[in-house]
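Structure first, then comments.
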Amino acid sequence: MREVKRGLTGMRGALFSVLLLCLSLLPLDAARASEYVTVYPNGVFSELTTANYLKDSATSNISLAYSTQDGLVEFDRFGYLIPCIAKSWEISDDNLTCTFHLRDDIKWYTWEGKEYAPLVAQDFVDSAKWILTKANASSQSNTIYTSIKNAREFYEGKITDFGEVGVKALDDHTLQYTLLKPIPYFIKQLSFTAFFPVNGKFLAEKGDRFGSSKENLLYCGAYLLTEFEPQQRRILTANDGYWNKEANEVEEMVFIYNAEASALGPELFLRGEINDFVLPGSIVDEWMKDPAKKAMMYPNNLTNMSYFLAFNFEPKYEEQYAPADWAVAVNDLSFRKSLFHAFDREAAVLTVEPFNPKRKLLNTFTRRGLVSLAGVDYTQLGGLKEYSDNESFNPEKALEYRDKALESLKGRVKFPIRVVMPYATNNVDTANRMQIIEQQMEKLLGTDYIDIVLVSYPATGYNQEVRVPGKFSMMESGWGPDFADPYGMMVPLMAASTNRWFRTDRAKDLQSADGHYRLETMFEEAASEVKDMKRRYELFAEAEKLALDNAVLIPFYTSGGGYRASLLDPFSGLTGQMGRFGAFKMKGIKMLEKPVGMDDYPKALERYESERAAAGAALK
């Protein structure tokens, strides 16, 4: 890792030349209207750590799977559930058995587009077995074993016959899941990659090489991965054999890797060398004031991820940063609350949204719009309303808690407490934001109280390198639930996953008298309520309020937003179960002759919402 000194640095000139060379090597037909070209990493794309969609659910990895593979169900451009591989299904009266009838015209294809085998129900069984085999270390195993009968028992080795697990192929085109308990969101959950199929014969042949290259994957989705050169570029080509190939509006998508993509993108877009790009916040003002540039940009969608500053209760970094002092301080409630109230979130989020920062700011761990109850958003339920309606930044409270922490920690730690705060270097806005946070919080609380140490890392593999081993005191983290329910949102706070996040189960304030993790107890009680949704959501809201009352994290912002310069139709493309909050799929995306532009965007949005309302009414 590299400790960052104040002031921006970089090798943009050299990297820019490399990128231009890459672009000059593109095929001559690269500029045709049916081709989508962008550079990454930016706010959405960083380099893949694996193309094995059974293994990992990181955003960069599953975004590829959503374009190259299909699931049983999917969501149209309005966010309404529609059939996909499953053409129909039935749910038993006790809501424990779901039987799916599969299309009989779906095939597996190689990266060259050659037909490999028919897709059959057994492919879903083979996928589940691989994910639930503990030795494969899939990060998606808990998604299945918290839903499917006997899945946890197989995962933990208590049973060895997979035939006892609640996923069965009744014949080639009939698949049946048996659930542990009624799950209100189960059908929607099937659109997640954890429930995608895999060809068992191919998987066995490839072994550990599955997903390591374009040749070591099979494809049943809209696009084929026809080129994959890590940290150079990848190309997706429309799958001519795809059962619903009429949905593919764009023939080819080219993603060019450049670590400085967010800095170089605007110039490349203006020269017509790329046709889609998220504007860095540092140039939005300039583009807004230029009529020609303003006509090329529009507001970018907010997406499904909640971002927050996470505190690590078991730091694992170098002794020079005094992790023992941090471990003592972070277990002091007054210390955490001094940071909680000292963080001027609006000042920090201006780096990405200088014109409407409040649209992006988030006052709770769960983002707005995840679920609602009789028109009331979840973030307004119970005690969460107090947080939703009020700003956490409060200098007076911050200094009050600082003084209490100085007293309670006196003689136990050495001040200033060193706060190791890592970040990935793929986005210039992130680097700027980290420096603003450092300077703003140190100025308010005093450098004799805290010393925030910024440490930069490459974007690829960042979480595995930094977050999972615990090499941080405080870091900006993001999480988007796999399904539209508060239970999905709480995963990073659950005991089973805190080792991969920030180890809140070690927080002394969250231990009950008998040694149990209080949040986990509350999550279990809330999750067990499957009939009374009002009661279920209120119990989750109560648990989330406990986390905020104890300041184990600081809510920050919702991902996405800002502004996009693009020839993509912002209202095209299939969505996810979160609607336009989670539009990862490139299937159905459309290219325009010219960008929508800021002046035309409001009318286009109004038209989309009208069409969405009509589509919703037709479903009733």
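Points worth noting:
- Of the solvent-accessible surface of the chain, computed with a 1.4 Å probe over protein heavy atoms with every protein chain present, carbon and sulfur atoms account for 51 percent.
- Relative contact order for the stretch 271-367, counting Cα pairs under 8 Å that sit 6 or more residues apart, in percent: 35
- Signed unit charges on C-beta, dipole axis of the chain, positive-most listed residue Asn304, Ser456, Leu236: Ser456
- Rh by Kirkwood over Cα pairs, then Stokes-Einstein D for the chain at 1.306 mPa s and 10 °C, µm²/s: 62
- Solvent exposure of the chain amounts to 41 Å² per residue of accessible area, where only protein heavy atoms count and the probe is 1.4 Å.
- At R0 = 25 Å, FRET efficiency that the Cβ-Cβ distance of Arg271 and Gln232 yields, to 0.05: 0.75
- Among Pro118, Ile144, Ser392 - extreme Cα towards positive end, dipole of the chain, charges at beta-carbon: Ser392
- Ordering of 442-449, 546-553, 407-414 by packing is 546-553, 442-449, 407-414, highest average first (other Cβ atoms within 10 Å, averaged per residue).
- Relative contact order for the chain, counting Cα pairs under 8 Å that sit 6 or more residues apart, in percent: 20
- Inter-part distance where the stretch 286-344 and the stretch 119-133 are each reduced to a Cα centre, Å: 38
- Note: the stretch 128-284, Cα convex hull, 187 Å³ per residue.
- Rel. contact order, % - alpha carbon contacts under 8 angstrom, at least six apart, the stretch 67-111: 27
- Rounded to the nearest 20, the size of the Cβ-charge dipole of the stretch 58-213 about its Cα centre is 420 debye, with Lys and Arg at +1 and Asp and Glu at -1.
- Take Glu400: with every protein chain present and a 1.4 Å probe, its accessible area is about 90 Å².
- The largest accessible area among Val428, Val420 belongs to the first residue in Val428, Val420, and the rest follow in falling order (1.4 Å probe, all chains).
- Pairs from Lys397/Lys545; Lys293/Lys587; Lys358/Lys590; Lys107/Lys587; Lys337/Lys443 whose Cα-Cα separation, in the structure shown, is over 21 Å: Lys293/Lys587; Lys358/Lys590
- About its Cα centre, the dipole of the stretch 504-602 is roughly 480 debye, where the only charges are +1 on Lys and Arg Cβ and -1 on Asp and Glu Cβ.
- Counting only heavy atoms of the protein chains and using a 1.4 Å probe, Cys98 has close to 0 Å² of accessible surface.
- Placing +1 on the Cβ of every Lys and Arg and -1 on the Cβ of every Asp and Glu, with nothing else charged, gives the chain a dipole about its Cα centre of roughly 700 debye.
The values are calculated or read from the model by the stated rules, or taken from the named source; none is laboratory data. Computed from a predicted structure; not experimentally measured. Neighbour counts are summed over all protein chains in view; Cβ atoms, including those assigned to glycine, are modelled from backbone coordinates with ideal geometry. All accessible areas refer to the heavy atoms of the entire protein, side chains included, with ligands and DNA or RNA removed. Shrake-Rupley method; radii C 1.70, N 1.55, O 1.52, S 1.80 Å.
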